[in-house]
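Okay, so here's the structure we're looking at.
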Amino acid sequence: MAKRKMSLGELSEKVGLTLANLSILKTGKAKAVRFSTLDAICKVLDCQPGDILEYRED
Amino acid sequence: MKTTKYYKQMKAVMIFTVIMSLFWLYWTIGRTFNTISDDGVPLRDGYEVWQIGFVASYSIFAIALMVVQFIFLIKQMKSIKNGMLFDKSSAKYLIIWGVLWLFYDFCSGNVGQMIINGAFNEIVIHGTTIGFPVIAITFAILYKMAANVAEENNLTI
């Protein structure tokens, strides 16, 4: 988001998610992500899923 | 998910429960405390201590049961209004309800023998005394599972 100079609000508008849901994703509180959501975010940010997802052991 | 229709249905259930509970309290507990013997004397004048305790327990369990029911219904209505089907914190009220029912049904099934006959040796335990609490606790477990699934669904973006 910083590289694309995009705010959370702007991203939520373009992706079609509410600010609350995007915030849940950003803070890592989401239990699961739909492929359609991942697809929309990657399209808007022009990136790969690996750029925005990271594996961490519990 | 639109929940307005279900909220209205829950509201109707709530209003019906309040009216029937108040009526039941007035009718049943009032009758229990005002039962007149064949001599025209209120039975409560001749109650022994354990009979007073039994009648008081019957009333307390009945009121406690109603309070737990109302708390559960109110929490459910709040959840539905917020678009959530199942609220995790409500499951414990189903368990409490089940336990209270065990004691209430025991008192309810035996209050006649206790206050009229004073027949301690004629205590009975009905099928519903054990059956309903078992069902309530089973449903509480299923409700908790459903609440977990609903929470996961809500946090699936």
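What to note about this one:
- Subset of segment A:1-22 that is of a type in the set (S, T, Y) and more than 10 Å from chain B (Cβ to nearest Cβ) - its residue that is surrounded by the fewest Cβ atoms within 10 Å (Cβ to Cβ): A:S7
- Scanning segment B:122-157 for residues that are away from every other protein chain (no Cβ under 14 Å) and among the charged types (D, E, K, R) turns up B:E122, B:K144.
- Of all the criteria given as (1) at the interface with another protein chain (Cβ under 10 Å from one of its Cβ atoms); (2) assigned to a loop (DSSP other than H, G, I, E, B), the one not satisfied by A:E54 is (1).
- Looking across segment B:76-103, the residues that are within 21 Å of B:P133 (Cβ to Cβ) and among the aliphatic types (A, V, I, L, M) come down to B:A91, B:L94, B:I95, B:I96, B:V99, B:L100, B:L102.
- In a residue-by-residue description of segment B:23-40, the property of being surrounded by fewer than 19 Cβ atoms within 10 Å (Cβ to Cβ) and modelled with pLDDT of 85 or more applies to at least one position.
- Qualifying residue in segment A:35-45 (condition: loosely packed, with under 12 Cβ neighbours inside 10 Å, under 19 Å from B:E152 (Cα atoms) and in contact with a strand residue (DSSP E or B) (Cβ under 7 Å, 6 or more places away or on another chain)): no
- Within segment B:63-74, not a single residue is part of a loop (DSSP other than H, G, I, E, B) and without any contact (Cβ under 8 Å) to a residue 60 or more places away in the chain.
- Some residue of segment B:89-107 being surrounded by 19 or more Cβ atoms within 10 Å (Cβ to Cβ) and either in contact with a His (Cβ under 9 Å, 6 or more places away or on another chain) or among the basic types (K, R) (or both): yes
- Considering segment A:31-51, and only residues there that are within 14 Å of chain B (Cβ to nearest Cβ) and in a loop (DSSP other than H, G, I, E, B), the residue that is modelled with the lowest pLDDT turns out to be A:K31.
The values are calculated or read from the model by the stated rules, or taken from the named source; none is laboratory data. On a predicted model such as this, the values are computed, not experimentally measured, just so you know. Using ideal geometry, Cβ is built from the backbone for each residue, glycine included, and neighbour counts are taken over all protein chains shown.
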